[in-house]
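K.L.:
Let me give you the structure first, and then I'll get to my questions.
Read-outs throughout are calculated quantities, based only on the coordinates presented, and are distinct from any laboratory measurement. Because the structure is predicted, anything quoted here is derived from the model rather than measured. Counting neighbours? That spans all protein chains shown, and the Cβs are built from the backbone with ideal geometry, glycine included.
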Ligand SMILES: [Zn+2]
């Protein structure tokens, strides 16, 4: 096969505001992108925004902004957030781009040619927030949408439907043949039992909307989110042909949109006669201090507020270390500050500062000579590799931190700073510098800024290893 690795984040609704949950999924994708890049792969890492929703039109109108000006402004907020967080994405797609509309039309025609699209009249309770019909039994006793707390409209319209029900068995067969298609495994089981219960056809268009991509040859209809937003993954690789050559290896998604990526999307691809993605990784939900994130409660945390105080690496470290991937997590700034001070300021930061400051005083340090160090470094590299591969990011970090503790203990036991014998001191520091260098190398996908600063402080010159001190990586933070 080729040497390419293609990973995507969800494309987020442009009218949301980037919060910690979005940052988390995106950081996970970034770690995997950097990790595979480090293995010499040619990485395509795509992010983007979904702009074609009717919600977007409503949001612009509410603010009295012209729709295009509004989406331009919002898309800029999203992109600059990822830029400031230092994410290594290679493409940022907006679904209002021309390159996308062309691919959506190609894709639609394939579903049509497969005989999987048909028109039908539908009547029901339509929630504008959901942009979907809700069943009577989904409404609250007062007839409101349970999520948006608004009264849905009674709407009667003709839509195109996608014959999803046809794909129940093909999907189940596919799942059986690809046992790691969804991770974590418990989420995959939920997907399987959902499909086993039977699938209903889904509405793929909306009637008479002025915003969005029109259905080919039927301009009264606009293509609904599935055949629009999901198709962005094909647009990013240049269209149908690019996807045929190399479909996405990993879609990182939140658990709320897992069904779309693990059920509707593969069924659409089967219908279109296209290869399926490798894996969908589902992250859990976040609460803030134990409370669900909600605009109404006003507990939405802007990730940039956190990185302004703690730095990008600290946010990455906290999110990846604190929450086992796939599980729901709780964010609290107090917890983040505790981990920051304990693991980063006192842990990695302090270890790097001590070793580099002592090594700087030497003309050069000796080469790695202690087999115990070699063993520790091998253990760390192996574990970090395996755990990253299994998406157990917290355990990969724990393995790296075990090596940092090993170095710290050694330094204290040997009282390296007080060794009088010059050769002995050079040797001890040589082992510590080798360990620190290995830590920096393994940390590159996780904490890229700190990793680079440490690596840059250790130099090979004229066959000798020299080191220089660095500014504190993680200055202590008080409440
Ligand atoms: Zn709703």
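K.L.:
Taking the Cα atoms only, what angle lies between the long axis of helix 448-457 and the longest principal axis of the chain, rounded to 10 degrees?
P.N.:
Around 20 degrees separate the two axes.
K.L.:
Once both axes come from the Cα atoms, what is the angle between helix 350-360 and the longest principal axis of the chain, in degrees from 0 to 90, rounded to 10?
P.N.:
Compared with the principal axis, the helix lies near 40 degrees.
K.L.:
Note down the relative contact order for region 333-467 as a percent, whole number, built from C-alpha pairs under 8 angstrom at least six residues apart.
P.N.:
Relative contact order of region 333-467: 35 percent.
K.L.:
Above 42 angstrom, tally the Cα pairs of the chain and express them as a % of all pairs, no decimals.
P.N.:
Distances greater than 42 Å cover 26 percent of the Cα pairs.
K.L.:
Going by Cα centres, region 142-197 and region 220-279 are how many Å apart?
P.N.:
Answer, in whole Å: 15.
K.L.:
Could you list 465, 235 in order of exposure, starting from the residue whose Cβ has the fewest other Cβ atoms within 10 Å?
P.N.:
Numbers: 465 21, 235 25.
In order of increasing Cβ crowding within 10 Å: 465, 235.
K.L.:
Roughly how many whole Å is it from the C-alpha centroid of region 382-419 to that of region 72-87?
P.N.:
Distance between centres, Cα-based: 34 Å.
K.L.:
Which value in deg cm²/dmol, rounded to the nearest 500, describes the helix-derived mean residue ellipticity at 222 nm for the chain, given -39,500 (n - 2.57) per DSSP H run of n ≥ 4 and division by the residue count? Before the final figure, lay out each step's value.
P.N.:
On the way: 18 runs with 216 residues, N = 479.
The helix-only estimate for the chain comes to -14000 deg cm²/dmol at 222 nm.
K.L.:
How many percent of DSSP beta bridges within the chain run antiparallel, rounded to 5?
P.N.:
Roughly 55 percent of the DSSP beta bridges within the chain come out antiparallel.
K.L.:
Going 7 Å from the Cα of residue 62 in the Cα-to-Cβ direction, what parts of region 126-142 have a backbone nitrogen less than 17 Å from that spot?
P.N.:
Once the point is set 7 Å along Cα→Cβ of residue 62, 127-132 turn out to lie under 17 Å by backbone N, inside region 126-142.
K.L.:
Let me have the relative contact order for the chain, percent, based on Cα pairs under 8 Å that are six or more residues apart.
P.N.:
Values: 741 pairs, mean separation 72.9, N = 479.
Relative contact order comes out at 15 percent.
K.L.:
Okay, moving on. Using the 10 angstrom Cβ neighbour count as an exposure proxy, how do 150, 8, 81, 287 rank, fewest first? Please list the in-between numbers first.
P.N.:
Details: 150 12, 8 28, 81 20, 287 16.
By the 10 Å Cβ count, ascending: 150, 287, 81, 8.
K.L.:
Based only on other Cβ atoms within 10 Å, what is the fewest-to-most ordering of 19, 148?
P.N.:
Values: 19 20, 148 13.
Final ranking by Cβ density, sparse to dense: 148, 19.
K.L.:
If you average the alpha carbon positions of region 431-479 and of region 291-361, how far apart do those two centres end up, in angstrom?
P.N.:
With region 431-479 and region 291-361 each reduced to a Cα centre, they are spaced 19 Å.
K.L.:
For the chain, take the longest principal axis of its alpha carbons; what is the angle in degrees between that and the long axis of helix 371-389, to the nearest 10 within 0 to 90?
P.N.:
The answer is roughly 0 degrees.
K.L.:
Still on this structure, I have one more. Within 10 Å, count the other beta carbons around each residue, average over each peptide in 441-451, 408-418, and list them highest first.
P.N.:
Most protected by this proxy first, the peptides run 441-451, 408-418.
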